């Protein structure tokens, strides 16, 4: 079993491989409900970043996290679910 420090080093190494910052194009056709769920998973994962100091997101810089948030927002926009997501978030905060 790897120690927490070793896991962090493995994640940092994987993310620094050559080509990992290259942009790729993904053609994805999914139902709206999956787009909403994927956006929520991204949102929750980014929000829980500090809860798992040994996880993958703990070694990711803020710029990459902002890029993930942008992917989530883009998913919602393309699916026409931005307003619904905002209303769901408003319900959750009550």
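Throughout, read-outs are computed from the coordinates displayed, never taken from laboratory work. As the structure is a computational prediction, the values presented were derived from the model and not from experiment.
Per-residue ellipticity at 222 nm from helix content only, as computed over the chain with -39500 (n - 2.57) for each DSSP H run of at least four residues, stands at -19500 deg cm²/dmol.
Over the chain, Cα pairs under 8 Å with separation of 6+ residues give a relative contact order of 35 percent. Just checking the listed ones, 37, 76, 28: in the Gaussian network model of the chain with Cα springs under 10 Å, the one fluctuating most is 28. Here the Gaussian network model covers the chain, with springs between Cα atoms less than 10 Å apart; of 48, 20, 84, 20 fluctuates the most.
Relative to the dominant Cα principal axis of the chain, helix 4-15 is inclined by about 70°.
For the chain, the longest principal axis of the alpha carbon atoms and the long axis of helix 82-92 meet at an angle near 80°. Between 18, 31, 53, the GNM of the chain built on Cα springs shorter than 10 angstrom shows 18 fluctuating the most. Helix 62-79 axis versus longest C-alpha principal axis of the chain: approximately 30°, rounded to the nearest ten. By the gyration tensor of its Cα atoms, with a ≥ b ≥ c the square roots of the eigenvalues, what is the shape of the chain: rounded for a/c under 1.5, prolate for a/b over b/c, or oblate? Here the chain falls in the oblate category. Classified by the C-alpha gyration tensor, the range 1-56 has an oblate form. Its axis ratio a/c, with a ≥ b ≥ c, is 1.5 or above, and a/b does not exceed b/c.
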